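The values are calculated or read from the model by the stated rules, or taken from the named source; none is laboratory data. It should be emphasised that the depicted structure is a prediction, and the values quoted were computed from it without experimental measurement. When we count neighbours, we look across all protein chains shown, and the Cβ atoms used for this are built from the backbone with ideal geometry, even at glycine. Ligands, DNA and RNA are stripped out before the accessible areas are found, and what is left, the full protein with its side chains, is counted by its heavy atoms. Shrake-Rupley method; radii C 1.70, N 1.55, O 1.52, S 1.80 Å.
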Amino acid sequence: VAQKGDPIEQFPTPANIGGTDPNSTGISITSGNRITFANAGTYTVTFSIQFQNTDTSASANDNVDVWLRKNGTDIPYSNNIYNIPLSKGGTNGTLVSTTPFTLTLNAGDYIQVVWAVSNTTISVCAA
């Protein structure tokens, strides 16, 4: 759901959201990065982000952390750490992260997918 061109930063950054399932009723994207729920309930939210790494250093161990925020507050235990392969032979290293979470939400709640990198050679390359 993240969009190509999201910023390359080492600081936590909410991912821009490309869209929702067309069959999602009462769920909308607001402010470009908030998945907003019109109705209270228990939801399974699945997001997918493709990362690329342009680092060619043989000693690098480049990671990206991805987690959820609810109404601006980090959700405990939602963090996932991914090691992004190095660039080799002129081809950037890539990794696709697809992660489901089940959340109980109130009407008007929003969630954000947040990411931070250990090396600025990592970026979002596809939704």
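Ignoring everything but the protein chains, give the 1.4 Å probe accessible area of Tyr82 in square angstrom, nearest 10.
Approximately 40 Å² of Tyr82 is accessible to the 1.4 Å probe.
About its Cα centre, what dipole magnitude does the chain give when the only charges are +1 on Lys and Arg Cβ and -1 on Asp and Glu Cβ, stated in debye to the nearest 20?
Numbers: 5 positive and 8 negative charges, 28 e Å.
Dipole about the Cα centre, nearest 20: 140 debye.
When ligands, DNA and RNA are left out and all protein chains stay put, how many square angstrom of accessible area per residue does the chain have with a 1.4 Å probe? Display every interim value, and only then the final one.
Numbers: 6580 Å² over 127 residues.
That works out to 52 Å² for each residue.
In the chain, what percent of the accessible surface is made up of carbon and sulfur (1.4 Å probe, ligands and nucleic acids excluded)? Display every interim value, and only then the final one.
Working: 3200 of 6580 Å².
Solvent-exposed carbon and sulfur of the chain make up 49 percent of the total.
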